[in-house]
1. For the chain, what % of the accessible area comes from carbon and sulfur atoms, probe 1.4 Å?
2. When 1/r is averaged over all different Cα pairs and the result inverted, which Kirkwood radius in Å belongs to the chain?
3. Within the stretch 56-161, list the GluC sites (Glu not before Pro) lying in a DSSP loop whose Cβ has at most 16 other Cβ atoms in a 10 Å radius.
4. Among Met165, Met119, what's the order by accessible area (1.4 angstrom probe), most exposed first?
5. Residues of the stretch 172-258: accessible area per residue at 1.4 Å, in Å²?
6. Accessible area per residue, 1.4 Å probe, Å², for the stretch 1-134: what's the number?
7. Just to be sure I understand: of the beta bridges DSSP finds with both ends in the chain, what percent are antiparallel, rounded to 5?
8. Please give the contour-minus-distance gain from Glu244 to Arg145: 0.36 nm per residue of separation, less the Cα-Cα distance, rounded to one decimal in nm.
Amino acid sequence: MPSPTDQAFLDVTADRLAALPAVGAVTLGGSRAQRTERPDSDWDLAIYYRGAFDPDDLRAVGWDGEVSEIGGWGGGVFNGGAWLTIEGRSVDVHYRDLDVVEHELAEAEEGRFHVEPLMFHLAGIPSYLVVAELAINKVLRGTLRQPAAYPAALRKTAPERWHGMAAATLTYAKAGHAPKGAVTQVAGAIAVAAAQTAHAVLAARGEWVTNEKGLVERAGLGEADTIVGNLTASPEHLAQSVGETEALLARAVEVARR
């Protein structure tokens, strides 16, 4: 539970955010919503708005930091936010368009999603990330429709799609990079494929993912670290390493789907 001082800070901050024009709900996410935070962890908040939200309204509150425009963090479902310092605390505020969120919830319930590139994410992010947030985050102000469970349809479609991308990534690495002794590119392909497969494994288990922190280890794919760490410039060894990765990832998905 937050300390009385932290709770007071959270209440005041949530009230200020909820009072912004077009905002219908405010949530607490990240480690603090899941009670896995450290004392120095950031505060991850999201504002859910309907219609047109103007970032200038957030700037006008007067908190120190950087406030992006809508779409400033990629332009997809993860469509912008702010990095702020409030009462000495590091606070991230994410913009969430309710029309987009509700659409992606309906899509996820039918097993449909797309993958978007996003800085700091090797595999990109699935559009159902915003649905994962709905399921995990703590609603502080307003009301939101939260999924009762991980959609059964998504548990069927997501593992195959994610693992399919991983398999294609490794196939290209084996044919295009390994014969040239391209260690960095093979290492990158293994890393991307491991992240993609981690999404597949966790989807098969019906476990939500909101970012890539600890993703590979959480999916039981830590052996990929050893494979990457042992890479050499030998084309034969690189091809062998890619093959070992293919087998590792295939086994993990098979086990998760049982």
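The values are calculated or read from the model by the stated rules, or taken from the named source; none is laboratory data. Everything numeric here is computed off the predicted structure, so don't read it as measured data. Don't worry about glycine lacking a Cβ; one is built from the backbone with ideal geometry, like all the others, and counts go over all protein chains shown. Keep in mind that these areas ignore ligands, DNA and RNA; they rest on the heavy atoms of the full protein, side chains included. Shrake-Rupley method; radii C 1.70, N 1.55, O 1.52, S 1.80 Å.
1. Its accessible area is 52 percent carbon and sulfur atoms.
2. For the chain, inverting the mean 1/r across all distinct Cα pairs yields 19.7 Å.
3. Glu69, Glu87, Glu110
4. Met119, Met165
5. Value returned for the stretch 172-258: 46 Å² of accessible area per residue.
6. I get 46 Å² per residue for this part.
7. Bridges in the chain that DSSP calls antiparallel: roughly 75 percent.
8. Going from the current span to full extension adds 31.3 nm.
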